[in-house]
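What follows is a short report on a single structure.
Throughout, read-outs are computed from the coordinates displayed, never taken from laboratory work. Quantities reported herein were computed from a predicted structural model and do not represent experimental measurements. Backbone-built Cβ (ideal geometry, glycine too); neighbour counts: all protein chains shown.
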Amino acid sequence: MINRLNLILFLALFALSSLACSQDNGDGWYLQGDPVITKDEEIDLPPCYTDRTVDVTNGEGHGSQTYSAECFKEGSGTFSSDVTWTKPPAYMKPGSSISFSMKFTSPEGKPTGGAIKANGGTIVEGDSRNPQGNSTASYTVPDGSPGNELEIYVNFVMVSGLHGYVTCKYKYRVAGTTTEPALSPISVASPTILIPDTGLRPVTETTKEPSSDIAGGTETLPDSSMPKIIGNSKYAANITEALNILQKAAPDQYKMVVKYIRVIEAVKAGSGMYVWENPPRFVIGELSIEPFGPSDPMSQVWLAGIIAHDATHSKLYQDYLAKNPGSLVPKDVYSGEEAEGKCLAVQYDAVEKILQDMGVKNDELLSYIKNCIKSKYWEKKEREW
């Protein structure tokens, strides 16, 4: 009888402890379901780069790549890299301080890196070249109101040149209200790519287009004025530097840019050229602004080229409108495979001139630009870049 009473008491205490553990932590940010995990598609680049991999879980990443002896007289073989980071918690209390860290391990001479961000702002940037590959920073949890959303976002690049992404979505909730049902984990591969990539691809019209054929126009602005840049100071500086590089090495493309793009807006994701707006606006995602990391000069080269690419979309639209004032502009004039071919040609020429001005050879980047039309990237509706 005593044993039975003890068992009943134990079960009652267990139930009470479970109930206590299930109570809310208080007002604040609650994780909504499981983290969303995505990664670049694992595509080899023969004959130089094969066995390219990237693996992602919440808190860890791994990648490897084989460098062929055919292309690399020194340094051939298979190399791998790893990253770990602080998992975002299930609950974040407003005003509290949370320590986030990233640790990268990578072969010497083959740096890797990444970042943890909150709603677009950087919490910590990781780099394998840091002491012991460690990077740590504190994040002060912001205040909020019921229904507000917040996103903790992790991205990294491995030695393979392939990227992994983990997104944790939070919603501000008052203690005692019901949580939303958990979501199933998602693992998605990005579209086909031909070079180490963060999701960057030449961008075209957005899905927010008002109609298939558009009537419109743009204001006439002096060619000498640089486009207005909207975004945080870091990305604004990157875009300004890319424009300066373009002006120096490829002045014809630069003149086209400042005439046919009047606003450049840096956003987290969802790049697109709003050719029909007055003035025409180019929206560019952060993964296209620093595709190879903040310290790699090829990021600026790519950025300058992609700006020239999208200025061509705008020029195609405006050229048609100039010849046919007041008429609808058919979508295939500035979008689709034929238009993309013209834009890629301008991009290729600009990048080639910039590389020549730098005294740098990068056949891999030029080959990508020349061949990426085969992937039909412009047909992708959801853009993470």
Fill in the blank from the handout: Given unit charges at Cβ for Lys, Arg (+) and Asp, Glu (-), the dipole magnitude of the stretch 29-189 about its Cα centre in debye, nearest 20, is 560
Fill in the blank from the handout: Here the relative contact order (percent) of the stretch 29-189, from C-alpha pairs under 8 Å and at least 6 apart, is 31
Handout entry: Dipole moment magnitude, nearest 20 debye, the stretch 238-385 about Cα centre, only Lys, Arg, Asp, Glu C-beta charged
Key = 380
Problem - Residue among 278, 260, 306 farthest towards the positive dipole end of the stretch 228-379, charges placed on Cβ - result: 278
Completion exercise
Going fewest to most other Cβ atoms within 10 Å around each Cβ, 91, 49 line up as 91, 49
Fill in the blank from the handout: Whole-Å distance linking the alpha carbon centroid of the stretch 283-308 with that of the stretch 33-52 is 20
Problem - Ratio of the Cα radius of gyration of the stretch 228-379 to 2.2 N^0.38 Å, where N counts its residues - result: 1.00
Problem - By average C-beta atoms within 10 angstrom, highest first, the peptides 70-76, 169-175, 148-154 - result: 148-154, 169-175, 70-76
